[in-house]
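Written below as structure tokens is the structure these notes are about.
Where a number appears in this text, it was derived from the coordinates with a stated rule and is not lab data. It should be emphasised that the depicted structure is a prediction, and the values quoted were computed from it without experimental measurement. Ideal geometry is used to build each Cβ from the backbone, glycine not excepted, and the neighbour counts take in all protein chains shown.
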Amino acid sequence: MNLVIVFSLLFLLFSGGRAGIVSFDRDNSPPAILLVPGAFHQAVVYDTVGHLLKNAGYNGVVEAINLPSVGSLASRDDDVKALRRVMDKYLDLGRDIVLVGNSYGCTVIGDAVLNIPSATTTPPYDEEGRRRGRVVSLLYFSGYLPYTEQVVHPETKPDIRLVSPKWFAFLPNDSPSAIPKTVRWDGDLQSSPPDKEFYNVLAQRNPAAANYWVGQLRYSSFAALNATARYIPYNGDFRVIYVAGKQDNSVPPELWHSYLDQPGAKFILEVLDGDHVPMLSRPEEVVKLIINYTKL
Ligand SMILES: *[C@@H]1O[C@H](CO)[C@@H](O)[C@H](O)[C@H]1NC(C)=O
Ligand SMILES: *[C@@H]1O[C@H](CO)[C@@H](O)[C@H](O)[C@H]1NC(C)=O
């Protein structure tokens, strides 16, 4: 092997990995990608998606966030704050971000962008010529969303016990007036087990993997799931992509259409042949969609 080839290979080796957070080029570096799981789920559900994104040039700028309300009695505010801490780290450095949510995680990313600059409306530089960090896109995978009406008129928002799937279990429930503390997913294991409600596409291909993920589920805090949203990002302020799952048993077409059909709602609709948790059943397709919407 001659020296030219050796040097070319070395050059490729050292220039091929895109800059990490330490030394990024403020204008040409890719946005950071923050991944937020749904109720009952932990950040590890994004491990495969995270690896694929790192290999695709997002090394050092992909983070999956554990929601405080999963496995504890923390509030919706605690969830939003946990995400905001990570968002602010990048935004303060002038780095753009893409927010990815799954199911309830979409309500968290929606609340978290209140008062945050949007790449669709805010110029990239402030008056002093400093690069601003902005939100490029919000991607809602199988989103379980607040309606605009519930933010404008919070008194219209029903208790989650009246609108949730019948397999949600609210505990304690020992009396009609009991105030629940936790929500579980095992209220009807006979006809609605989680490998059907969450992981049906994964279970067709790999039942053992679906079982493994059932074993990773935790309870969620009732206060977090029953909270009222404070902000709706999908009325034109931000670019919001709703990714519906063709085989999603938890958010059926009537439900996701009811979000998209609201007056004033502005979504880009993508449809994936996935179940409720496509980061596990369709990680390559999820990554393709995320990468496509890192560009404005
Ligand atoms: C759940 O939320 C609804 C609507 O905001 C509220 O009226 C209700 O009191 C909440 N339930 C509990 C047990 O806190
Ligand atoms: C990629 O994003 C653009 C908008 O930036 C959209 O028009 C296009 O349909 C998307 N393509 C895919 C394959 O998601």
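Worth a mention:
- Counting only residues at least eight positions apart within a chain, or on another chain, the aspartates and glutamates with an alpha carbon under 14 Å from that of K246 are E197, E254, E270, D273, D275, E285.
- For segment 169-296, the residue among Q247, P176, G236 whose Cα projects farthest onto the positive side of the dipole built from Cβ charges is G236.
- Folded to 0 to 90 degrees: helix 3-16 orientation relative to the chain principal axis, Cα: 30
- Considering only Cα atoms, the convex hull volume of segment 136-273 works out to 134 Å³ per residue.
- Whole-angstrom Cα spans of segment 125-165 along principal axes, big to small: 51, 25, 12
- Quarter of Cα convex hull surface for the chain, i.e. mean projection, nm²: 18.6
- 0 to 90° range, to nearest 10: angle between helix 76-91 axis and the chain longest Cα axis: 10
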